[in-house]
Amino acid sequence: MKDRTLQLLTVASLFLAAGVVLAQDATPPAPPNVLVIQREYLKPGMAGSIHVRSEGNFVRAETDAKAPTHYIAMDSMSGPTRALFVFGFDSFEAYGKDQESLNGNPTLAAAIDQAALTDGQLLSRYDIQTFVYHPEMSQHTGIDASHQRYWEFTSYRIKPGHEKEWNDLVKIYVDGFASMPDRHWAAYESRYGEDNGGVWVVITPMRTLAELDQGMIAGKTFMTAQGADGMKHIEDLAADCILSSQSNLFAVNAKESYVDPTWATTAPEIYGQP
């Protein structure tokens, strides 16, 4: 794993990643049960090619070590200038074993340590967040992650004691979009990190941003089907349980990603570029 915990000493993250979502099966697997996101907030002027070169040190270290855990890197298209590094695991046990594997490989650990020293000079902030997958709150998740160029992350902070209203609200959306196979998302609950407790993240991968336009059309279809009374009920539930929400867009950065080598062939439009 491109673990930055060593980097914390010097500078202080769906769908997604290794093994589970980055697999190349004929039928795409379900999203990973445990999602780990490393977030790097970049200083002004330190994005672009400067950060790509720095991240290349991590990719080379992982490639030379033939590290089994892959990750997708993404750059922000909204909000603060930052990069996400997204990993997926079957379980917390698998996450722990990945950490143990890194600690047991002194050559790889030293290479990552050195890369972190360089990369840390570009960052204003760094953190790691861990999430758990909720399939009952997700929709049409059988997609091929390798072809998804853009990712939308929408976070919801839920009012304490209003989990039932949140569950009821999500179910309305899951049921309402069930007949629209092109509408897909994965829902995750924050478990560890700065935003743990009462925070949910809905992740929507997209091949092109035209899917956002299509999503707005689908949203109008959904609202029409709910009717005035149904939409009033939705608005009441949202007011009761949602403290705040925020959506942000990210674009995959293939040069900063450490993915299965076959992706250069199966998804050349993203990972086959030099």
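The values are calculated or read from the model by the stated rules, or taken from the named source; none is laboratory data. This is a predicted model, so every value here is computed, not measured. Virtual Cβ from ideal backbone geometry, glycine too; neighbours counted across all protein chains shown.
So is P44 modelled with pLDDT of 95 or more, out of contact with any Leu (no Cβ under 9 Å at 6 or more places or on another chain) and in a loop (DSSP other than H, G, I, E, B) or not? Judged against the criteria, P44 is a match. Checking each residue in segment 138-193 for being of a type in the set (D, E), modelled with pLDDT under 95 and under 20 Å from V36 (Cα atoms) picks out only D144.
For segment 149-173, which positions are surrounded by fewer than 20 Cβ atoms within 10 Å (Cβ to Cβ) and either closer than 22 Å to N253 by Cβ or under 20 Å from the mean Cα position of the chain (by Cα) (or both)? Within segment 149-173, R149, Y150, T154, S155, R157 meet the criteria.
Taking segment 63-80 as the range and being crowded, with 17+ Cβ neighbours inside 10 Å and over 16 Å from the mean Cα position of the chain (by Cα) as the test, only A67 passes. May I ask you to list the residues in segment 53-71 that are in a helix (DSSP H, G or I) and among the basic types (K, R)? Across segment 53-71, the qualifying residues are R53, R60.
Residues in segment 131-148: is at least one part of a strand (DSSP E or B), among the polar types (S, T, N, Q) and buried (at least 20 other Cβ atoms within 10 Å of the Cβ)? Yes, there is a match, as at least one residue in segment 131-148 is part of a strand (DSSP E or B), among the polar types (S, T, N, Q) and buried (at least 20 other Cβ atoms within 10 Å of the Cβ). Looking at segment 232-245 only, could you name the residues that are surrounded by 14 or more Cβ atoms within 10 Å (Cβ to Cβ) and part of a helix (DSSP H, G or I)? Those that are surrounded by 14 or more Cβ atoms within 10 Å (Cβ to Cβ) and part of a helix (DSSP H, G or I): H233, I234, L237, A238, D240, C241. Does at least one position in segment 223-233 carry a residue that is within 27 Å of V132 (Cα to Cα) and out of contact with any Leu (no Cβ under 7 Å at 6 or more places or on another chain)? No - not one qualifying residue is present in segment 223-233. Would you check if there is a residue in segment 88-102 being surrounded by 18 or more Cβ atoms within 10 Å (Cβ to Cβ), under 19 Å from the mean Cα position of the chain (by Cα), at pLDDT below 95 and in a helix (DSSP H, G or I)? The answer is yes, given that some residue of segment 88-102 is surrounded by 18 or more Cβ atoms within 10 Å (Cβ to Cβ), under 19 Å from the mean Cα position of the chain (by Cα), at pLDDT below 95 and in a helix (DSSP H, G or I). When S49 is tested against (1) at pLDDT 95 or above; (2) touching a Leu at 6+ places or on another chain (Cβ under 9 Å), only condition (2) is not met. Just one of the listed residues (V11, V59, V34, V21) is surrounded by 16 or more Cβ atoms within 10 Å (Cβ to Cβ), β-branched (V, I, T), within 23 Å of W151 (Cα to Cα) and at pLDDT below 95, and it is V21. Regarding D119, is this residue more than 19 Å from E189 (Cβ to Cβ), surrounded by 15 or more Cβ atoms within 10 Å (Cβ to Cβ) and at pLDDT 95 or above? Answer is yes for this residue. Only residues that are over 20 Å from A145 (Cβ atoms), among the charged types (D, E, K, R) and part of a helix (DSSP H, G or I) were counted across segment 174-216, and they come to 2.
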